[in-house]
Amino acid sequence: MATRTPAGARPTVVCFVRHGTTPTTGKILPGRAKGLHLAESGLAEADRAGARLAGIGPVAALYCSPLERARETAKAIARHLAVAVTVERGLLECDFGEWTGAELAALRKLPEWDAVIHHPSGFRFPGGESFVELQGRMAAAVERLVERHRGQTVVAVSHADPIKIAVGDAMGVPLDLVQRTVVSPCSVSVVSYAPGGPAVLAVNSTGELSALGIAASAPGERGRQA
């Protein structure tokens with residue numbers, strides 16, 4: 001991640017939120033297919049995520065992937081933050097190509113699935129995106145957000161794999177290890193992009209966020225793990 005902030009500047013905090021549960025969560029690999037909306041449980045999760053994010057202090061902007069499930073999650077969050085939703089295409093789900101819409105149970109039986117889990121750096125989805133390309137796209141998207149919102153806090157609603165990779169980049173984790181991270185529906189993962197480099201303040205959080213002390217962080221402060 002090439003993102004930099006000037007010496008002495010306040011860090012920019014990005015709160016990554018995975019979209020809420022859909023009717024196919026855990027069953028299908030929906031990818032970028034259109035028409036997938038949040039389940040009732042997902043709408044409730046998004047509302048709770050918004051309430052939790054409201055406790056961290058002022059949020060300057062709220063971005064989301066262009067897919068319906070991410071937009072609906074962002075809309076529910078926005079009601080608690082009093083900010084408009086802006087679509088950021090860089091937060092889009094990975095392009096799973098020919099695997100789009102396939103049942104996960106069937107995909108897990110394929111020999112290629114082992115590469116998805118254990119060697120993503122060498123894998124490209126048939127007819128779709130590679131994990132290396134996804135990594136580069138997310139790095140560029142995060143850099144844009146940090147550049148636009150120096151010293152502020154922003155929320156970015158995305159998808160499981162993009163968030164895993166963004167958090168892994170912040171931690172310096174090799175791409176082949178990012179699948180060891182769990183990113184649950186409507187969980188919040190928080191990264192502070194400070195002058196000395198990024199610091200991960202929370203991963204897969206579904207609980208209280210105010211204890212992170214984001215609003216009160218001093219310039220360059222790395223915060224507390226939660």
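A few comments on the model shown:
- Top-ranked residue of region 155-164 - restricted to ones that are touching a strand residue (DSSP E or B) at 6+ places or on another chain (Cβ under 9 Å) and in a helix (DSSP H, G or I), ranked as surrounded by the most Cβ atoms within 10 Å (Cβ to Cβ): Lys164
- Some residue of region 50-57 being in contact with a Lys or Arg (Cβ under 7 Å, 6 or more places away or on another chain), surrounded by fewer than 24 Cβ atoms within 10 Å (Cβ to Cβ) and not hydrophobic (A, V, I, L, M, F, W, C): yes
- Test set (1) over 29 Å from Val146 (Cβ atoms); (2) at pLDDT below 95 - His37 fails condition number: (2)
- Within region 85-98, considering residues that are surrounded by 15 or more Cβ atoms within 10 Å (Cβ to Cβ) and among the charged types (D, E, K, R), the one farthest from Ala70 (Cα to Cα): Asp95
- Among the conditions (1) over 18 Å from Arg18 (Cα atoms); (2) exposed (fewer than 15 other Cβ atoms within 10 Å of the Cβ), Leu107 misses just one, which is (2).
- Residue in region 23-40 that is charged (D, E, K, R) and either touching a Lys or Arg at 6+ places or on another chain (Cβ under 7 Å) or under 13 Å from Ala156 (Cβ atoms) (or both) present: no
- Selection from region 37-71 of residues that are within 16 Å of the chain's Cα centre (by Cα), aliphatic (A, V, I, L, M) and in a helix (DSSP H, G or I): Ala46, Ala49, Leu53, Ala70
- Between Ala115, Ala76, Ala82, Ala70, the distinction of being farther than 17 Å from Pro162 by Cβ, crowded, with 19+ Cβ neighbours inside 10 Å and either in contact with a strand residue (DSSP E or B) (Cβ under 9 Å, 6 or more places away or on another chain) or not acidic (Asp, Glu) (or both) belongs to Ala76 only.
- Residue check, Gly101 modelled with pLDDT of 95 or more, under 24 Å from Arg124 (Cβ atoms), surrounded by fewer than 16 Cβ atoms within 10 Å (Cβ to Cβ) and small (Gly, Ala, Ser): yes
- Checklist (1) modelled with pLDDT of 95 or more; (2) buried (at least 17 other Cβ atoms within 10 Å of the Cβ); (3) closer than 25 Å to Ala51 by Cβ; (4) polar (S, T, N, Q) applied to Gln179, failing item: (3)
- Positions within region 112-166 being free of Cβ contacts under 8 Å to residues at least 40 places away in the same chain and under 23 Å from Thr73 (Cβ atoms), in sequence order: Glu129, Lys164, Ile165
- Residue check for Asp169: crowded, with 16+ Cβ neighbours inside 10 Å and in contact with a His (Cβ under 6 Å, 6 or more places away or on another chain): no
The values are calculated or read from the model by the stated rules, or taken from the named source; none is laboratory data. Please read these numbers as outputs of a predicted model, since none were measured by experiment. Note that we place each Cβ from the backbone using ideal geometry, even for glycine, and neighbour counts take in every protein chain shown.
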